[in-house]
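S.K.: Take a look at this one; I'll ask things after.
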Amino acid sequence: MSSKRKNPHLGKDIGTFVREQIEREPEFGAAIEAAAERREIAKNLRALRERQHLTQGEIARRAGSSQSVIARLETGDVEPRFDLLRRVAEALGMRVEIRFVPAR
């Protein structure tokens, strides 16, 4: 006789699944939040670049980096280092500002 176990996640929406995972593993929640922050930075960088009608290659040259690094920044695939963010901001005629806000 085959022993079949019911998948406890069937029938749940993704929000419910994520909330349950965060309750079980707080570090999962921290990873989700870090990914959301990277995506927000990525979205802002891309919007700034496109508003100025610049290519990733142009920003890379100005920032002393490579086009592939800028592409990864714009997708949120990498944890951005402050020095790189500063150079990219300068390449866009901007500056980086860090603020501390209350935790959610």
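S.K.: When only residues in segment 32-54 that are without any contact (Cβ under 8 Å) to a residue 12 or more places away in the chain and more than 19 Å from the chain's Cα centre (by Cα) count, which is nearest to PHE17 (Cα to Cα)?
M.R.: Once the filter is applied, the top-ranked residue is ARG51.
S.K.: Kindly list the number of the only condition in (1) of a type outside the set (A, V, I, L, M); (2) loosely packed, with under 11 Cβ neighbours inside 10 Å; (3) in a helix (DSSP H, G or I) that fails for PHE100.
M.R.: The one condition PHE100 does not meet is (3).
S.K.: Further question: Quick one: is PRO80 surrounded by fewer than 13 Cβ atoms within 10 Å (Cβ to Cβ), out of contact with any strand residue (DSSP E or B) (no Cβ under 7 Å at 6 or more places or on another chain) and of a type outside the set (Lys, Arg)? Break it down stepwise before answering.
M.R.: Details: surrounded by fewer than 13 Cβ atoms within 10 Å (Cβ to Cβ): no; out of contact with any strand residue (DSSP E or B) (no Cβ under 7 Å at 6 or more places or on another chain): yes; of a type outside the set (Lys, Arg): yes.
Judged against the criteria, PRO80 is not a match.
S.K.: Mind checking which residues of segment 1-31 are modelled with pLDDT of 85 or more, surrounded by 13 or more Cβ atoms within 10 Å (Cβ to Cβ) and of a type in the set (Val, Ile, Thr)?
M.R.: If the condition is that a residue be modelled with pLDDT of 85 or more, surrounded by 13 or more Cβ atoms within 10 Å (Cβ to Cβ) and of a type in the set (Val, Ile, Thr), then ILE22 is the only one that fits.
S.K.: Which ones in segment 67-102 are of a type in the set (Gly, Ala, Ser) and under 18 Å from the mean Cα position of the chain (by Cα)?
M.R.: Just the residues of segment 67-102 that are of a type in the set (Gly, Ala, Ser), to begin with: 68, 71, 76, 89, 91, 93.
Of everything in segment 67-102, those that are of a type in the set (Gly, Ala, Ser) and under 18 Å from the mean Cα position of the chain (by Cα) turn out to be SER68, ALA71, GLY76, ALA89.
The values are calculated or read from the model by the stated rules, or taken from the named source; none is laboratory data. Just so it is clear, the model here is predicted, and its values are computed rather than measured. All Cβ positions, glycine included, derive from the backbone under ideal geometry; neighbour counts span all protein chains shown.
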